[in-house]
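Notes to accompany the following structure.
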Amino acid sequence: MPLWKIHGNGRTVAPGDVVKPDERLNWPATIAMGAQHVIAMFGATFLVPFLTGFPIPTTLLFSGVGTILFLIITRNRLPSYLGSSFAFIAPVTAAMAIGGFGSALAGIVAVGVLLAIVGLIVNIVGLGWINRLMPPVVAGTIVALIGFNLAPLVWNNGGNGGRFQDFPVTATVTLAAVVLFSVVFRGFLGRISIFLAVVLGYLVALIRGEIDFSAVGEAAWIGLPDFHFPDFVSASSWAGILMFLPVVLVLIAENVGHVRGVAAMTNDDSVNDTTGRALLADGISTTVAGFFGGSGTTTYGENIGVMAATRVYSTAVYWVAAIFAILLSLSPKIGAVINSIPGGVLAGVTTALYGLIGVIGIKIWVDNRIDLSRPVNQLTAAVGLVIAIAGFSITGPGGFELGAIVIATIAVLVIYHVGNLIARLRHTGADDGGPLPVVGPLGGDPED
């Protein structure tokens, strides 16, 4: 029995119809759509390793490998591309500063293992406990604080050589392009507006003589990516792992949102049954990536947007996209070209990007009509955001440190749940409840 049935005439999709996950168009059309999905994911997927200093070919390789693992574990029922998660940027940046590459990879592996465990639990008992632990006001605050915690980096230490004040012209042009393209373009072009802004910023930097092509000329056309391994021995790694744990909450929301989005767009409620497997699959993908030097993964809203535009939800398209990504990762020259993007471009795009992560958290509040006149909701958000933006930290014996994201997440969960417990005891109303919000790779709505 074939893995996919041919949809209709195999060439087109009739008005009002969709190509379901177990169907496909003919192979030329499927291959073309797979390439389109690579373009859609590429901008965000390469930005994460570029911002954090991870090897880009390695990250591309494990995004492709992770996508294949995801399709296998979800039994070819859930179309998705697994790209680099922006939720990892803040803890990776902090871990690299404290303990180096190995510590950052240890944190990524820890997140993957914990997410896989959550997936197994969801398979057994369902999603209700997650909705109670992380209702919209909590989920929105955690997504927002991760984004806003990154804000000082743009001006003080842009990562990978990008500080706004060092390259004001290129950074300003790139930032203006992000804003302009996002407002002017619609559909597919709108979804890759950040990628287009990077291309324009790169051209400006080229004209201004800010690009060093020496590494590009020396790089081979074909070769294996660089592999690195986690450090589970040093004390700094174990301290750093704590900074990554809040990312698990974001990945849960992203995966749950992805499943719900696909179920809604294909009019197939049975897709929701894959939620536990999706969490397990993303956890395994992130674990494998972290063990060999890649960035943590998540389901991508950019690709849901492409599916919504084309009405093609075939998992065959994602097998093609994954293979394309793996082939791209085997060219060191492509990685060298991406690494040649100068600091000014990086500073401009991250000014918008970090803010967008924060604003998408706020959008979760708006979409779920959170009542911010309630003191418990006000303080849940207010305390968490200030701790994250200010960069609170606690240093213990032996250099053990809790970073701002960990402290803020703990504060958010404690304030919200203890506050609502007191409210219930006083009979003054309970929590906002509601299901886990639907979020994409940056915390955004995949149906946008």
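The values are calculated or read from the model by the stated rules, or taken from the named source; none is laboratory data. Computed from a predicted model, the values in this text were never measured in an experiment. Virtual Cβ from ideal backbone geometry, glycine too; neighbours counted across all protein chains shown.
For this structure, a couple of remarks:
- Among residues of the range 25-37 that are closer than 11 Å to residue 319 by Cβ and in contact (Cβ under 8 Å) with a residue 60 or more places away in the chain, those with a beta-carbon under 6 Å from a residue that is assigned to a helix (DSSP H, G or I) and polar (S, T, N, Q) at least six positions away or on a different chain give the pairs 37/303.
Okay, residues lined up against (1) of a type in the set (A, V, I, L, M); (2) in contact with a Leu (Cβ under 9 Å, 6 or more places away or on another chain); (3) surrounded by 24 or more Cβ atoms within 10 Å (Cβ to Cβ):
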{"site": "97", "(1), (2), (3)": "yes, no, no"}
{"site": "103", "(1), (2), (3)": "no, no, yes"}
{"site": "127", "(1), (2), (3)": "yes, yes, no"}
{"site": "137", "(1), (2), (3)": "yes, yes, yes"}
{"site": "140", "(1), (2), (3)": "no, no, yes"}
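- Contact map, the range 290-301: first residue within 14 Å of residue 89 (Cα to Cα), second residue of a type outside the set (Phe, Trp, Tyr) and assigned to a loop (DSSP other than H, G, I, E, B), Cβ cut-off under 7 Å, separation 6 or more or different chains; pairs are 290/230; 290/296; 296/85; 297/85; 298/85; 298/441.
- Scan the range 353-366 for residues that are small (Gly, Ala, Ser) and crowded, with 20+ Cβ neighbours inside 10 Å and the total you get is 2.
- The conditions of being free of Cβ contacts under 8 Å to residues at least 40 places away in the same chain and out of contact with any Asp or Glu (no Cβ under 9 Å at 6 or more places or on another chain) are met by residue 383.
- Being under 25 Å from residue 282 (Cα atoms) and at pLDDT below 85 holds for only one residue in 338, 360, 394, and it is 360.
- Residues (assigned to a helix (DSSP H, G or I), of a type outside the set (A, V, I, L, M, F, W, C) and crowded, with 24+ Cβ neighbours inside 10 Å) located in the range 288-306: 290, 301, 302, 303
- Taking the range 1-113 as the region of interest, the helices (runs of 4 or more DSSP H) fully inside it that hold 2 or more residues being within 17 Å of the chain's Cα centre (by Cα) and small (Gly, Ala, Ser) are 27-52, 56-73.
- Flag if residue 74 is touching a strand residue (DSSP E or B) at 6+ places or on another chain (Cβ under 9 Å), of a type in the set (Val, Ile, Thr) and crowded, with 22+ Cβ neighbours inside 10 Å: no
- Residue count for the range 114-139, restricted to those that are among the small types (Gly, Ala, Ser), without any contact (Cβ under 8 Å) to a residue 12 or more places away in the chain and in a helix (DSSP H, G or I): 1.
- Within the range 298-338, being polar (S, T, N, Q) and out of contact with any Phe, Trp or Tyr (no Cβ under 7 Å at 6 or more places or on another chain) holds for 298, 299, 310, 315, 329.
- Residue 239 vs. criteria assigned to a helix (DSSP H, G or I), of a type outside the set (Phe, Trp, Tyr) and under 25 Å from the mean Cα position of the chain (by Cα): yes
- A residue that is modelled with pLDDT of 85 or more and hydroxyl-bearing (Ser, Thr, Tyr) occurs nowhere in the range 211-230.
- Taken together, the residues in the range 407-417 that are surrounded by fewer than 24 Cβ atoms within 10 Å (Cβ to Cβ) and either closer than 14 Å to residue 374 by Cα or touching a strand residue (DSSP E or B) at 6+ places or on another chain (Cβ under 9 Å) (or both) amount to 4.
- Out of 314, 285, sole residue that is touching a helix residue (DSSP H, G or I) at 6+ places or on another chain (Cβ under 6 Å) and crowded, with 24+ Cβ neighbours inside 10 Å: 285
- Counting only residues that are at pLDDT 75 or above and not aromatic (Phe, Trp, Tyr), the range 284-309 holds 15 of them.
One line per residue, one yes/no per condition, for (1) in contact with a Pro (Cβ under 6 Å, 6 or more places away or on another chain); (2) of a type in the set (Val, Ile, Thr); (3) crowded, with 24+ Cβ neighbours inside 10 Å; (4) in contact (Cβ under 8 Å) with a residue 40 or more places away in the chain:
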residue	(1), (2), (3), (4)
240	no, no, yes, yes
243	yes, no, yes, yes
247	no, yes, yes, yes
266	no, yes, no, yes
273	no, no, no, no
277	no, no, no, yes
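- Filtering the range 367-387 for residues that are buried (at least 24 other Cβ atoms within 10 Å of the Cβ), assigned to a helix (DSSP H, G or I) and either at pLDDT below 90 or in contact with a His (Cβ under 6 Å, 6 or more places away or on another chain) (or both) leaves an empty set.
- Residue list for the range 308-346, filter: hydrophobic (A, V, I, L, M, F, W, C), more than 29 Å from residue 206 (Cβ to Cβ) and outside any helix (DSSP H, G or I): 312
- Among residues of the range 205-236, those that are within 28 Å of residue 178 (Cα to Cα), in a helix (DSSP H, G or I) and touching a residue at least 40 places away in the same chain (Cβ under 8 Å), counted: 3
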